[in-house]
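Visitor: Dropping the structure in here first, questions after.
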């Protein structure tokens, strides 16, 4: 930008009958930069500008008390025009019988050129592919099928637009590298959701607004068994939204049930969602659930996956299975926030895991297994 400033400064000075010496170029550059700083931080009239930058527009106290010379007004006009040519948006507010107010819009200005290495361009393309439909640039060949088109992520379009804006500033060679990677990725790694969450973007935005101002929510919620009627929840303290196993969940405290619950966002009825004036308890914290479970040694051998808040192996033992073969299992003590998620995760291990404690959670697991057995009893 400095080269453009110097060349434009020389042009400004020549219009005002000044020589284009190095000293005058520097004076013009300093004047424009000071004008930029002033209008970025303040909303000013012309007289405000001249009072703050009098020395740079060659004005003295006596001149400020009179009508500003046309020469100085033209100099300011050229300076403002130069800033607009550089991409700065100058907001001009004019009210009847009032002087015009000038202000530079925050975020406007010349485009930034990012200097990336080749590896960083590949990383940028990889991040882009997380949110892009892998079949967008390539037809799906039945003999070599691409991953299925993902469900619409609620933030995908915003993220893709940002990456496109960044990539547009790359040099031509890196633009081609980015486009080639995006159009034919070597790694299909898409951050998709199980359900279509794009229609629920407004729900997410409303919840985020409530969280930011620490206010309660009320809404109608559709239970997991969709044959049941919707349930009205009120005086809900929202704390954060998290992404788990392909779904977005609101983590919130339910005053009626006196516990933290996970509300799946796509089951909240958007038209019923309302921010309440009641303020949430910002000091309340979720209480972790401590539990123990046996798990097959072959699963635990590579190392327990980090699915829990904490987890420690308490002991190991050998036993003989139903075929008389010697097996090994380990007892794990862990903590998690959601009892429901503990049950669901251990069910994924099938007969390879056994929930031991606490007793009420073991009983809950037992009922779930009995219900599963009833499905296959006949």
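Visitor: For each of 355, 127, 276, count neighbouring Cβ atoms within 10 Å of the residue's Cβ, then give the residues from fewest to most.
Guide: Going from least to most buried by this count: 276, 127, 355.
Visitor: Run the quick spin-label model on residue 290 and residue 368: label points 7 Å from Cα toward the beta carbon, then report their separation in nm to one decimal.
Guide: The modelled label-to-label distance comes out at 2.2 nm.
Visitor: Quick one, what does Rg over Rh come out to for segment 289-376 if you take C-alpha atoms and the Kirkwood Rh?
Guide: Taking Rh as the inverse mean 1/r over Cα pairs, Rg/Rh reads 0.97.
Visitor: Specify whether the C-alpha gyration tensor of segment 34-112 places it in the rounded, prolate or oblate class, a ≥ b ≥ c being the square roots of the eigenvalues: rounded for a/c under 1.5, otherwise prolate if a/b is larger than b/c and oblate if not.
Guide: It comes out prolate by the Cα gyration axes.
Visitor: Within a 10 angstrom radius of the beta carbon, how do 364, 323 rank from fewest other beta carbons to most?
Guide: With the fewest neighbours first, 364, 323 line up as 323, 364.
Visitor: Right, another one. At 0.36 nm per residue, and after removing the present C-alpha to C-alpha distance, how many nm does the segment from residue 111 to residue 130 gain when stretched out fully?
Guide: Contour length minus Cα-Cα distance gives 4.3 nm.
Visitor: What ranking of 298, 266 emerges when the number of other C-beta atoms within 10 Å of each C-beta is taken as an exposure proxy, fewest first?
Guide: In order of increasing Cβ crowding within 10 Å: 298, 266.
Visitor: What is the distance in Å between the Cα centroid of segment 321-377 and that of segment 54-98?
Guide: Computed from Cα coordinates, the inter-centre distance equals 76 Å.
Visitor: Right, next: Sorted by packing (mean other beta-carbon atoms within 10 Å per residue), highest first, where do 92-101, 56-65 land?
Guide: Averaged packing, sorted descending, gives the order 56-65, 92-101.
Visitor: Once you have all Cα-Cα distances for segment 209-320, histogram them in 10 Å bins from zero and send the whole-percent values.
Guide: Over segment 209-320, the share of Cα pairs per 10 Å bin runs 11, 35, 24, 17, 10, 2, 0 percent.
Visitor: Right, another one. May I have the pair-distance distribution P(r) for the chain, computed from all Cα-Cα distances with 20 Å bins from 0 and rounded to whole percent?
Guide: 18, 33, 30, 14, 4, 0
Visitor: Between 108, 129, 202, which gets the highest mean-square fluctuation from a Gaussian network model of the chain, Cα cutoff 10 Å?
Guide: Largest GNM mean-square fluctuation: 108.
Visitor: 7 Å from Cα along Cα→Cβ at both residue 279 and residue 90: what's the point-to-point distance in nm?
Guide: 4.5
Visitor: Once R0 is set to 22 Å, what does the formula 1/(1 + (r/R0)^6) return for the Cβ-Cβ distance between residue 41 and residue 101, expressed as a FRET efficiency to the nearest 0.05?
Guide: Here the calculated transfer efficiency is 0.95.
Visitor: Could I have the simple spin-label model distance between residue 321 and residue 66, label points 7 Å from Cα toward Cβ, reported in nm to one decimal?
Guide: It is 10.2 nm.
FYI, it's all coordinate maths here, none of it is from the lab. Quantities reported herein were computed from a predicted structural model and do not represent experimental measurements. Reconstructed Cβ throughout: ideal geometry from the backbone, glycine too, with neighbour counts over all protein chains shown.
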